[in-house]
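Below is one structure, written out as structure tokens; comments come after it.
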Amino acid sequence: MENRFKSLSILGFQERFPDDDACYEYLMKLKWEEGFVCPHCGHAKYCKSKRKYDRQCTRCRSAISPTSQTLFHKLKFPILKAFYIVYYVSTNIKGISGTELSMKLDLRQKTCWSFKQKVMRAMPSSGDNKIGDKAEVNETVLGGQEEVEKGPKNNKKKLVVFAIQKKGKDIKSIYRKVIKESSSKELGGFMRTTIENTPDIKTDKWLGYAPLSKEFVNLS
Ligand SMILES: [Zn+2]
């Protein structure tokens, strides 16, 4: 789902998801496009349930929500805002803090922060398709003010490395991973799982990349 969002501009996103209904309809389509099957008893017939978007199995009477087994299950805030968080998190290469999300969406900082963590855990850290054409690699520290406030013992600030696949000037896909340090070992480990050896790879010229140029031949 994050990947589907990446291709939308913010205007395109607003148009596609104007309200909560649009979000539920989107999830219903994803879930039941191929037809309904009750996850409890395998029955394929359903009727309307009390809640607007749920479907009720006509055999075992379970009500199934389109949000079940998704990030959006049992949300305590409007689903549209949750969709926005997914959008912002998956399209902001440098990361977006809970504070920023809180201001944009008029939600509590803690709510934004914990949903953001959920989204990030759900995002692929490496793909089946390694980047084979043109890549950019960089690192950044993620973690907003709210984490710092919890005290010095809290080390929620995370160093994240990104591999960005470029198509012309556009971003085709992004892989990311939390790493311990910007060492060649950590960076190389990540690059091996996300990028082929041959593409043009642009880095921020950090020393940690230097030893990797033997392996990734077009590294600059
Ligand atoms: Zn059933």
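Details
- Every condition in (1) surrounded by 17 or more Cβ atoms within 10 Å (Cβ to Cβ); (2) more than 19 Å from the chain's Cα centre (by Cα) holds for W206 except the one numbered (1).
- Candidate set from the stretch 187-196 (those that are open to solvent by less than 40 Å² (accessible area, probe 1.4 Å) and part of a helix (DSSP H, G or I)); member that is farthest from W206 (Cα to Cα): T194
- Residues located in the stretch 46-59, provided they are surrounded by fewer than 12 Cβ atoms within 10 Å (Cβ to Cβ) and either over 18 Å from D20 (Cβ atoms) or within 14 Å of the ligand (Cβ to nearest atom) (or both): C47, K48
- Given (1) away from the ligand (no atom under 16 Å from the Cβ); (2) open to solvent by 60 Å² or more (accessible area, probe 1.4 Å), index of the condition G95 fails: (2)
- All of G144, G168 fail the test of being open to solvent by 20 Å² or more (accessible area, probe 1.4 Å), at pLDDT below 80 and closer than 19 Å to I93 by Cα, apart from G168.
- Some residue of the stretch 61-73 being open to solvent by 40 Å² or more (accessible area, probe 1.4 Å) and away from the ligand (no atom under 16 Å from the Cβ): yes
The values are calculated or read from the model by the stated rules, or taken from the named source; none is laboratory data. Keep in mind that this is a model prediction, so the values were computed, not measured. Glycine also receives a Cβ, built like all others from the backbone with ideal geometry; neighbour counts cover every protein chain displayed. Side chains are part of the model used for accessible areas, which takes the heavy atoms of the whole protein and leaves out ligands, DNA and RNA. Shrake-Rupley method; radii C 1.70, N 1.55, O 1.52, S 1.80 Å.
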